[in-house]
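The values are calculated or read from the model by the stated rules, or taken from the named source; none is laboratory data. It should be emphasised that the depicted structure is a prediction, and the values quoted were computed from it without experimental measurement. Counting neighbours? That spans all protein chains shown, and the Cβs are built from the backbone with ideal geometry, glycine included. Areas reflect the complete protein model, heavy atoms only, side chains present, ligands, DNA and RNA absent. Shrake-Rupley method; radii C 1.70, N 1.55, O 1.52, S 1.80 Å.
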Amino acid sequence: MIDLLAAWALISAAAQTPAAAPPDAGWTWTLYADDSPVVLANEVPDTAHLRATLECEPGQSVAHLTLYGGEGDGGMARVSAGEVTAVAEASAARAGGVKLALRTDHPVFAAFGVRGRLAVTVGQHRRTVEVASPHLAKLRRFAELCSG
């Protein structure tokens, strides 16, 4: 009888335990600067789950942004950070994403480094890249390593 009560208590406690971590838990920005190319990835560490990557060859001043998932339209993209805007050619990426190139010395990239928010609009589809304050130093370091 005691075993039955103990089992019931465990089941009740498990049912009252908060739900699993929210879907956004575990997502972070990681800077991979030891190899060429330099990569800043919005990922769940130690998994294949990616939201976005910024990639460059050191000193070339061009960052290749890939947004994974969502709509994968190609065409002209409007890229904005705060009040600063740029236009870039976008192409479809694997798994329905979109990719484009931005100069790291362009004012839109500088504004992205300050605010940590970049909006990409291709056709009717708008995507936002957000780098939380604790990770802005990684974004700035990425731009520094990429710039020529």
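Rounded to the nearest 10 square angstrom, R103 shows an accessible area of 110 square angstrom against a 1.4 Å probe. Distance between the pseudo-spin-label points of S133 and W27 (7 Å out from Cα toward the beta carbon): 2.0 nm. Of all accessible surface on the range 25-148 at a 1.4 Å probe, what whole percent is carbon and sulfur? Solvent-exposed carbon and sulfur of the range 25-148 make up 49 percent of the total. Surface exposure of the range 31-148, expressed per residue as accessible area with a 1.4 Å probe, stands at 53 Å². For the pair A110 and E83, label points projected 7 Å from Cα toward Cβ lie 1.4 nm apart. Computed on the range 59-148, with alpha-carbon pairs under 8 angstrom and 6+ residues apart, the relative contact order is 33 percent.
Since only F109, A95, A119 are under comparison, the one whose Cα sits farthest along the positive direction of the charge dipole of the range 82-130, derived from C-beta charges on Lys, Arg, Asp and Glu, is A95.
Distant-in-sequence amide contacts of V62, defined by a placed amide H-H separation under 5 Å and a gap of 5 or more residues or a different chain, comprise E57, T104. For A77, the amide hydrogen comes within under 5 Å of the amide hydrogens of A88, E89, A90, counting only partners 5 or more places away or on other chains and with H modelled in the peptide plane. With a cut-off of 8 Å between alpha carbons and a minimum separation of six or more residues, what is the relative contact order of the range 78-128 in percent? So the answer I get is 40 percent.
If the chain linking R126 and R103 were pulled fully straight, counting 0.36 nm for each residue of separation and taking away their Cα-Cα distance, it would gain 6.3 nm. Full extension of the chain between T47 and S91 gives 13.3 nm of extra length, using 0.36 nm per residue less the Cα-Cα distance.
With a/c under 1.5 counting as rounded, go ahead and sort the range 39-148 into rounded, prolate or oblate using the C-alpha gyration tensor (a ≥ b ≥ c being the square roots of the eigenvalues; past the cut-off, prolate if a/b is larger than b/c, else oblate). Rounded shape, in that the Cα axes give a/c under 1.5. Net length available on complete extension from H64 to R140 is 25.8 nm, with 0.36 nm assigned per residue and the Cα-Cα distance removed.
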